[in-house]
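Data first, discussion second: the structure below is written as structure tokens.
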Amino acid sequence: MEGHITMSTNELDEIQVRAQILKDLIDRRIKTSKAAKRLGLSIRQTLRLKKKFKAQGPKSLISKKIGARSNRQLPQTQKDTILTFFNQENHRDFGPTLAHEYLVNDHALEASVSSVRAIMIQNGLWCPNEVRKVKIYRLRPRRSKKGELVQLDGSEHDWFEGRGSRCTLLVFIDDATSETLHLKFVKSENTFDYFQATREYIEKCGRPETFYPDKHSVFRVNHVGALSGDGRTQFGRALEELGVQLICANSPQAKGRVERRNRDFQNRLVKAMRLAKICTIEAANAFLPSFLDGFNKKFAKDPQDPFNAHKPLLETHNLDKIFSLKYKRHLSKSLTLQYNNVIYQVIMPEQLEYTLRKAEVMVIETKDGKVSIECRGKTLTAVPYHKMQAQAPEVSSKELMAKLMEAKIDQSRPRHKPGRRHPWKCGRRGFSKRALETVFSS
């Protein structure tokens, strides 16, 4: 064992103690039995160690394992397989856990996740998480039954990595089982898209007891001191008609289960769609069911209570009407009302007109813009009479990006260039006489 040997302080102290005991044994200051007891060895092993110490000195006390290659070291072929996997463009941002799953399934890798992580750190492919200052939140136990509480959130992200436009993923996750019950890609978080996603979820799973979203304006009226309306949003009104409770979380940590699931989807789902070469919302929505089956098998948990709290739809639930915009209006003496800057005239037989004067009616608008008017459960015949000029509608911050993408400004039209004799080109001191004559003569 030539050259330098690296060892810890404890190993060096132990070698010095053993050397001193063996010197005392050789000089006959202690007996063999006492030396063996101090060394923690048998008498035969102590005699062998004494013989080697006489021949080689303190060097014989150094373990032969120091500096030797481990018998459990990963073969070089498997290391090359791991590095080749990360050299591919589609796998450039895979984490250790997800990369290990793909390597095991596609390349029959026998190494552990920790081995993959160690190789990534050695080659600069992964950086361990830095120690962060953690804020402590009181833990909230899971609900016991599936469907008792469903966390709802929208995740706006570049899901197609530049292959398509940015969009939002609406996520429905069960609190009791961590099972992702429904996913849907939409352009932005707005009322009609939440209506459609919630309708698909209810038709598939049933009516949950409670929805648990954030305080987005779709779910809660955030304007302090609002004078109009009854304090409910259209989404809240629809859930009330379905018999579903709505609770808005006060912080992202309160609905941390769906927030962490959004993080997982931004990692795993983005890479899965990259490998499947998906670049449109329609193709992504068609891909979601197959992805969700494998994802739930891996991450879903069994509930404490096997009873499913989802309730079926009733015959009285008309989803077409429930998931539409509804506003209360009062008819005038001439049976007119104003909605969305349009005046509607209700047409009734002459002998029944007086019965609807000042009556309260319900205006129902569907996603495609179709407007109908109901009174006491019956649909009235109405025609649009006059359309007024409306102000620009307010757009929430979560819908702003989608609206800007729809309203692209046409830059192809050439700009007007003033002529050489235009008054703007006459300098700072004023118009020239010739320019004035040209302007007034024209």
Item to check | Principal semi-axes in Å for region 88-220 [√(5λ), Cα gyration tensor, largest first] | outcome: 34, 20, 17
Next on the checklist: Rg and Dmax in Å for region 325-387, alpha carbons only: what are they?
Outcome noted: 11.0, 35
Next on the checklist: Spelling out what I want: for every residue of region 266-273, take phi, set θ = phi - 60°, compute 6.51 cos²θ - 1.76 cosθ + 1.60 (Karplus), and round to whole Hz; glycine and proline get x.
Outcome noted: 5, 9, 7, 5, 4, 6, 5, 6
Checklist entry - So if we plug the beta-carbon distance of SER165 and THR9 into 1/(1 + (r/R0)^6) with R0 = 45 Å, what FRET efficiency do we get, rounded to 0.05? => result 0.15
Checklist entry - Near the amide H of VAL342, under 5 Å away, which other amide H atoms are found, from residues 5 or more places off or on another chain, if H is placed in the peptide plane? => result MET388
Item to check | Members of LYS59/LYS79; LYS145/LYS277; LYS184/LYS301; LYS184/LYS321; LYS204/LYS255; LYS271/LYS311 lying beyond 28 Å, as alpha-carbon distances in this model show | outcome: LYS59/LYS79; LYS145/LYS277; LYS271/LYS311
Next on the checklist: Can you tell me the length gained on complete extension of the stretch TYR354 to ASN340, counting 0.36 nm per residue apart and subtracting the Cα distance?
Outcome noted: 2.5 nm
Next on the checklist: How large is the Kirkwood hydrodynamic radius of region 260-381, counting all unique pairs of alpha carbons, in Å?
Outcome noted: 19.5
Checklist entry - What is region 76-122 by shape, rounded, prolate or oblate, if you read a ≥ b ≥ c off the alpha carbon gyration tensor as root eigenvalues and call it rounded for a/c under 1.5, prolate for a/b larger than b/c, and oblate otherwise? => result rounded
Item to check | Assigned charges on the beta-carbon of Lys, Arg, Asp, Glu; region 325-387 dipole about Cα centre (debye) | outcome: 180
Checklist entry - Just the projected area, averaged over all directions, of the convex hull on the alpha carbon atoms of region 9-61: how many nm²? => result 3.2
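Throughout, read-outs are computed from the coordinates displayed, never taken from laboratory work. What you see is a predicted model; the values in this text were computed from it and never measured. Virtual Cβ from ideal backbone geometry, glycine too; neighbours counted across all protein chains shown.
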